[in-house]
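Visitor: The structure follows.
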Amino acid sequence: MSMWAEHDLTERQRELVGIVNEIGPAFRDRAEENDREAKFPHQNYREMRDAGLLALCIPSQYGGLGADYESYFYAASELGRYDAATALTFNMHSCSMLWSGPLADDIPMTDDQRREHEANRAAMYDLVLNHEAIFAQPFSEPNTQAASGKAPFGTTARRVGGGYRVTGKKHFASLAGAATHYAVLCTEETSEGGELDARDTIMLAVPGNAEGFEVVGDWDTLGMRPTVSKSLDINDVFVPDAHQIMPRGVYFQAATNWPHMFLTLSPSYMGLAQAAYDFTVAFLRGEVPGAKGSKRASPMKQYAVAEMRIKLEQARALFVQSAREARYEPSKGARLRAYVAGYTIMEHANDVCRLAIRTCGGSSIMKKFPLERFYRDSRCGSLMLPWSAEACLERLGRESLYEKGERD
């Protein structure tokens, strides 16, 4: 049964979640092997492409499934219930479509920018729909403030005839080596050679086979191992003008005024929390093959399941409300709730997994069961930039106390 079966979704949203439910069980079956070998889920992506899910957030007028922000949340969290690591990489791909589509439609642009953007995104969507393109979205750099628009990126774009020359490094680049294109955020150098300005940030689709582009490093981590988030070296790579995912300066406007764009990692963890809860209930009812659960669970275990359900429902309520409040220039309350949602979903996901292991007991940590993987994957959630758990707390505290532009 879908994790959204009893919730108020539109008919179209239920259809999109239904597509995930048709292919998701096979993803769950492959998850343990992909985790053990830190292997990218190529077969999952082939099946998502066949089902049309790689076009989930491509607007319908271009031939995609036309999911808006809220609809993406439901479908992506359902995917996370089957395999959180696949859902996390799927987020990187889908956000390139979502940000260039419905989100960009909300951002003020000049007429020339809008015309150029229409042509560029149509070409990008065509790559996905007709040429099997997969997009990564590498953000991370040593300066953790850059991704959220608080500072310029260290990766730079130098204007040349017909496009840009891009140079820099990215780390924790999910889909490294598996993506065909990388939605690289970089800051344009000024012709005068002055200091870089975050307002000049540009998002460019860098082809994975471009001269000067290289995937480097190892990927042997605690959790989220099938994301294969290695590092990227980008050395004077030419990127044509037509590969702009967002025009110069538009990303800065989005990062400043469309804050919910940074909440799109949370569906993976919302689905993972649901999976941990579902497994625990099945385990204690004796419905998991090879497990020693019992329908006559002790009161102590019943209390633990109740605590898990409380945390799950708290996270879900914030998840749904924030998805529905997402828009350009949201109210202050909606912005603060987005921080609360980001923090709560990431932290509660791990806490639900902690309680699941403690409640199911020692046998549940065997590799043949998924709880130990759920726990490892969920622990990584609070580290995810640009809205890590600490970043959410810092922003929530500051913006609760200060109005925009106010200082001591």
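Visitor: When all C-alpha to C-alpha distances in the stretch 170-226 are sorted into bins of 5 Å, what percent of pairs does each bin hold, rounded to whole numbers?
Guide: Using 5 Å bins, I get a P(r) of 4, 15, 21, 18, 15, 15, 8, 3, 2 for the stretch 170-226.
Visitor: Full-extension gain between Arg115 and Leu383, please, as 0.36 nm times their residue separation minus the C-alpha to C-alpha distance.
Guide: Numbers: separation 268, 0.36 × 268 = 96.48 nm, distance 3.77 nm.
So the chain would gain 92.7 nm between Arg115 and Leu383.
Visitor: Given bins 10 angstrom wide, list per bin the percent of all Cα-Cα distances in the stretch 348-388, short to long.
Guide: Each 10 Å bin holds this share of Cα pairs: 31, 48, 16, 4.
Visitor: Just need log10 I(q)/I(0) for the stretch 201-243 at q = 0.15, 0.28, 0.29 Å⁻¹, Debye formula, equal scatterers on the alpha-carbon atoms, no solvent, rounded to two decimals.
Guide: So the normalised log intensities are -0.49, -0.99, -1.03.
Visitor: So, with a 1.4 angstrom probe, what is the percent of accessible area on the chain that is carbon and sulfur? Could the numbers behind the result be given before it?
Guide: Details: 8720 of 17330 Å².
Result for the chain: 50 percent of the exposed heavy-atom area is carbon or sulfur.
Visitor: Another question, if that's okay. Over the chain, give the accessible area per residue in Å² for a 1.4 Å probe, as an integer.
Guide: Per residue, the chain has 42 Å² of solvent-accessible surface.
Visitor: Stokes-Einstein at 4 °C, 1.567 mPa s, Kirkwood radius from Cα pairs: D for the stretch 41-80 in µm² s⁻¹? Before the final figure, lay out the partial values.
Guide: Numbers: Rh = 10.5 Å.
Value of D from the Cα-based Kirkwood radius: 124 µm²/s.
Visitor: Along the charge dipole of the chain, Cβ charges K/R +1 and D/E -1, which of Ala306, Tyr74, Met48 sits furthest on the positive end?
Guide: Selected residue: Ala306.
Visitor: Determine Rg/Rh for the stretch 72-195; Rg is computed over alpha-carbon atoms and Rh is the Kirkwood hydrodynamic estimate from the same atoms.
Guide: On the way: Rg = 15.9 Å, Rh = 16.3 Å.
Result: Rg/Rh = 0.98.
Visitor: Here is a follow-up. Computed over the Cα atoms of the stretch 221-328, what is the ratio Rg over Rh, Rh following Kirkwood?
Guide: Values: Rg = 21.6 Å, Rh = 18.4 Å.
Rg divided by Rh gives 1.17.
Visitor: If you don't mind, another one. Over all directions, average the projected area of the Cα convex hull of the chain and note it in nm².
Guide: Details: hull surface 82.0 nm².
Hull-based average projected area comes out at 20.5 nm².
Visitor: Further, regarding this structure: Using each residue's phi in the stretch 34-46, evaluate 6.51 cos²θ - 1.76 cosθ + 1.60 at θ = phi - 60° and report the 3J(HN,Hα) Karplus result to the nearest Hz, with x for Gly and Pro.
Guide: So the J values, rounded to whole Hz, are 4, 5, 4, 9, 6, 10, 5, x, 4, 5, 4, 5, 4.
Visitor: Follow-up question, since we're still on this one. Choose one of Tyr251, Pro289, Ser266: the residue whose Cα lies farthest towards the positive end of the charge dipole of the stretch 178-295 (beta-carbon charges +1 Lys, Arg; -1 Asp, Glu; about the Cα centre).
Guide: Of the options given, the answer is Pro289.
Visitor: Right, next: In degrees from 0 to 90, rounded to the nearest 10, what is the angle of the helix 266-284 Cα long axis to the longest principal axis of the chain?
Guide: 10 degrees
Visitor: In nm, what is the difference between 0.36 nm times the number of residues separating Glu406 and Asp50 and their Cα-Cα distance?
Guide: Details: separation 356, 0.36 × 356 = 128.16 nm, distance 5.13 nm.
So the chain would gain 123.0 nm between Glu406 and Asp50.
Visitor: Report the Cα centroid-to-centroid distance between the stretch 96-144 and the stretch 231-284 in angstrom, as an integer.
Guide: 13 Å
Visitor: Let me ask something additional. Can you tell me the dipole magnitude for the chain around its Cα centre, using point charges on the Cβ only (Lys, Arg +1; Asp, Glu -1), in Debye to the nearest 20?
Guide: Details: 46 positive and 54 negative charges, 338 e Å.
With only Lys, Arg, Asp and Glu charged at Cβ, the dipole is about 1620 debye.
Visitor: Find which of Tyr375, Thr201, Ala334 sits farthest along the positive direction of the dipole of the chain, computed with +1 on the beta-carbon of Lys and Arg, -1 on that of Asp and Glu, about the Cα centre.
Guide: Projecting each Cα onto the dipole axis, the largest value belongs to Tyr375.
Visitor: If you put +1 on each Lys and Arg Cβ and -1 on each Asp and Glu Cβ, how big is the dipole of the stretch 49-146 around its Cα centre, in Debye rounded to 20? Before the final figure, lay out each step's value.
Guide: Values: 5 positive and 14 negative charges, 35 e Å.
Around 160 debye, computed over the stretch 49-146.
Visitor: Debye sum, Cα scatterers, the stretch 123-267, no solvent: what log₁₀ I/I(0) at q = 0.14, 0.15, 0.19, 0.20 1/Å?
Guide: Taking Cα atoms of the stretch 123-267 as identical point scatterers yields -0.65, -0.75, -1.22, -1.35.
Visitor: While we're here: Where does helix 84-98 land angle-wise versus the long Cα axis of the chain, in degrees 0 to 90, nearest 10?
Guide: Once rounded, one gets 30 degrees.
Visitor: For the stretch 276-369, what are the per-bin percents of Cα-Cα distances with bins 5 Å wide, up to the bin holding the maximum?
Guide: 3, 13, 22, 17, 13, 11, 8, 7, 4, 2, 0
Visitor: Using r as the Cβ-Cβ distance of Arg398 and Thr256, and R0 as 22 Å, what FRET efficiency do you calculate, to the nearest 0.05?
Guide: Numbers: r = 15 Å, r/R0 = 0.68.
In this case the efficiency is close to 0.90.
Visitor: Tell me which residues come under 5 Å, amide H to amide H, from Tyr328 once H is placed; ignore anything under 5 positions away on its chain.
Guide: none
Visitor: Same structure again: Apply the Karplus curve 6.51 cos²θ - 1.76 cosθ + 1.60, θ = phi - 60°, to the phi angles in the stretch 324-332 and return the couplings in whole Hz, x for Gly and Pro.
Guide: 7, 8, 5, 5, 5, 6, x, 5, 4
Visitor: Another question about this same structure. Magnitude of the Cβ-charge dipole of the stretch 255-408, K/R +1 and D/E -1, about the Cα centre, nearest 20 debye?
Guide: Numbers: 24 positive and 16 negative charges, 144 e Å.
It comes to approximately 700 debye.
The values are calculated or read from the model by the stated rules, or taken from the named source; none is laboratory data. All values derive from a computational prediction rather than experimental measurement. Note: ideal-geometry Cβ built from the backbone for every residue, glycine included; neighbour counts use all protein chains shown. These area figures cover heavy atoms from the full protein model, side chains too; ligands, DNA and RNA do not enter into them. Shrake-Rupley method; radii C 1.70, N 1.55, O 1.52, S 1.80 Å.
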